[in-house]
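Since the structure comes first, as C-alpha cells, the remarks are kept for the end.
The values are calculated or read from the model by the stated rules, or taken from the named source; none is laboratory data. Note that the structure is a prediction, hence the values are computed from the model and not measured. With ideal geometry, Cβ positions are generated from the backbone for all residues, glycine too; neighbour counts draw on all protein chains shown. Accessible surface is based on the protein model in full, side chains and every heavy atom, while ligands, DNA and RNA are left aside. Shrake-Rupley method; radii C 1.70, N 1.55, O 1.52, S 1.80 Å.
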Amino acid sequence: MTDRAKPSVTPAGDELAATRVKAGQPVVVPATQRDRGIGPFKRLVLRGATVIDGTGAPPIGPTDIVVEGNRITLLKKVTGNLATAANRPAPGDHEIDCRGKWVTPGFIDCHAHAGVAYHSANGWVPPVDYVYKLWLAHGVTTVREMGSMNGLGWMLDQKKRSEENSIVAPRLLAYAYFPAVNDMLKTIHTPDEGRAWLRKLKERGADGVKFFGAPPAIMEAALDECRKLGLRSGCHHAQMAVTRMNALTTARWGLTSAEHYYGLPEALFEDRVVQDFPLDYDYNDEYFRFSVSGQMFRQGAAPGSAKWNEVLESFLELGFTFVPTFTIYDANRDLMRARQADWHKEYTWKSMWDYFTPQRGGHGSYWYRWSTKNEVEWKENYRLWMAFINEYKNRGGRVCTGSDSGFIYQIFGFGYVRELELLQEAGFHPLEVIRSATSQGAALCGLQDELGTLEVGKYADLLVHDHNPLTDFKLLYGTGAMRLNEATNQVEWHRGLKYTIKDGVIYDTAELLADVRELVKASFAEDVPARYAQRQEAAQ
C-alpha cells in the first residue's frame, strides 16, 4: 500500500465544466448580490389592470390584483357598480396604478443558458448579471437552464440565491448535461452507468437532464430512470446520434421534450433513414453542420400526407412537447437582418459580438461561406417546420417558448421576444403565443400549480405593460418599437414593458436596461470592473 491520494471524482453534472476549465475555458462569473428591485411587500396592490391571464382567454379589465408576500391573494373585477371605493381591495404597503396598463404572467424561457463560456475565446466573458438583467428586462421570470454548462454545482448555487431573492435573477431550473456523446464529452458507456449517474444527479438536486443523444441502449435506460426518479428531460437530437433514434423514438421512451428541430424531420422520412449528406460533409465544420441542416424537412413527408399525419398523431398520443427555438436559427434565413438588429450597438457584449463574427472553431460562427442559396433553403426549412409546429398546436399538442440565446447573433432577452414574433409567424394567435410563453411553459416544467397563469394562490410573477403586447410583440424589446409621432413628425421608440415582478419583487425594466448598457460599454472599453475580475478568479 502507498499513501498516494485517491483521484478526485467530479460530481455528477459537473463533468463538462470541469473538463473545459482544465482546458483554459473559465466558467461564467456568478451573481452574488441584489442591487435592483424593491419588495416583496406584505401587501402589494395593482389597481385597475387589464389582465391577460395566460390561459388563452381574451383580456379583461379593469381588475385589482392583490399580492401578499410572493403570492397572489385576490383578483377582483372593479368595473361598473363594483368600482366604488367600498368594493375595492384595501390599500397596500405599496401600490402600482395600472389604469391603462396590461398585466400578464411572467414569461418562461424553456430553453436557455446562463451565459456562454465559449465567448472566452474572444475576450472577457460577460458576468451572469448581464444575462439575468436582460432576461428580467424582457419579462422572463422563469428559466429552464438547459445543460448547466457552468457545472451543476454552479447552477444549483445560483438557483438557491434566486429563490432567496438575494440576486437579481429569474427563477432557475437546473438541467444537467448527460455525458454520453463523443463530440462533447463521454463518461457514460453502459446503461447501468447511465442509471447510476442519474441517481447521483437527483441526489444533488437537479430538476432535469439535457441530452444530445447517446447509444440507443443507454438512452432508453436513461429515460426509463428519469421517469422513475421524477427527472424531466429535453433532447437536442444531434446529427451524430439521430440516425439511431429520432425524436419520435425517444418520445416513446419517455423523453419530456424535443429541443430545436433536430430529430423531427428524421421522424418524417419515408424513403430514407439517413439524411442526404454531401459526401465531403464534416460535422466539425460548422458551415456544413448548419447549412446542410437547412435541407432536412424537404427530405421528409409533405404536409397533409399520410406519413405527416401519422407522425403528428403519434406525438399527440404521447402527450409530447416541442420547444422549437425558432429564434436561434433565424439568422440563417437573413444574415444581414440579424447582424444589423437595433439592439446590438448598446446591448451586445464585445466578446459575444466578436465570437459571432466568422471564425473557425467557434460554435455557430459559420458565416465564412454563407450564401443566398443557404438562406433560400433555410426559408423553406422554416416554412415546413412552422407548418408542423402550428398544426401540432392546433390539434392540441404542447408547444413552449425557448430562446437558446448566446449564439448566432441572438442575445439574451431580445432573442426571447424574437421567438414570440416567430411563433406568431408560424400561425399562432397572439393569445396563443402568450399561452405558450406562460401556462404551457409552466406545465412543461411541472410548475403549473405554482405559476404560468394569473390565479389566486400562485406565485406573484407578473408583468406590467404600458402598451397592449398582443398588438405588437416588438413593444417588448428593450429597444422598443419604432413609431411616428404624427403631431411632431418625429420617430419615437415605444417600449411596452414597465415592470417585471418576480416572486413579489418589483424590477423597473428601465433600470435593468441602463445597467446592461453600462456593462456593455465597459466591455468595449476593456474596463473590467474589479469586482467581476475578483469573482472570475473565485469561480475557477
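Open to solvent by less than 30 Å² (accessible area, probe 1.4 Å) and touching a strand residue (DSSP E or B) at 6+ places or on another chain (Cβ under 8 Å): which single residue out of 348, 325 fits that description?
Details: 348 fails: touching a strand residue (DSSP E or B) at 6+ places or on another chain (Cβ under 8 Å).
None of the other options fit; the residue is 325.
For segment 176-187, indicate whether the set of residues that are free of Cβ contacts under 8 Å to residues at least 12 places away in the same chain and over 30 Å from residue 507 (Cα atoms) is non-empty.
Taking segment 176-187 first, the residues free of Cβ contacts under 8 Å to residues at least 12 places away in the same chain are 186.
This time we only want the ones that are over 30 Å from residue 507 (Cα atoms), so: 186.
Taking every residue of segment 176-187 in turn, at least one turns out to be free of Cβ contacts under 8 Å to residues at least 12 places away in the same chain and over 30 Å from residue 507 (Cα atoms).
Out of the residues in segment 290-304 that are surrounded by fewer than 18 Cβ atoms within 10 Å (Cβ to Cβ) and in contact (Cβ under 8 Å) with a residue 12 or more places away in the chain, which is nearest to residue 334 (Cα to Cα)?
Step one: list which residues in segment 290-304 are surrounded by fewer than 18 Cβ atoms within 10 Å (Cβ to Cβ), which gives 298-299, 302-304.
Of the ones still in play, those that are also in contact (Cβ under 8 Å) with a residue 12 or more places away in the chain are 298-299, 303.
Working: 298: 19, 299: 22, 303: 24 Å.
Residue satisfying both the conditions and the ranking: 298.
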Qualifying positions in segment 188-217 - open to solvent by less than 10 Å² (accessible area, probe 1.4 Å), without any contact (Cβ under 8 Å) to a residue 60 or more places away in the chain and under 29 Å from residue 295 (Cβ atoms): 211, 213, 214
Number of positions in segment 37-55 that are touching a strand residue (DSSP E or B) at 6+ places or on another chain (Cβ under 6 Å) and among the basic types (Lys, Arg): 2
Spans of strands (runs of 3 or more DSSP E) in segment 7-83 with at least 3 residues of a type in the set (Lys, Arg): 71-77
Failed condition for residue 532, given (1) part of a helix (DSSP H, G or I); (2) modelled with pLDDT under 95; (3) open to solvent by 20 Å² or more (accessible area, probe 1.4 Å): (3)
Matching entry among 162, 148, 166 (being surrounded by fewer than 16 Cβ atoms within 10 Å (Cβ to Cβ) and under 30 Å from residue 203 (Cα atoms)): 166
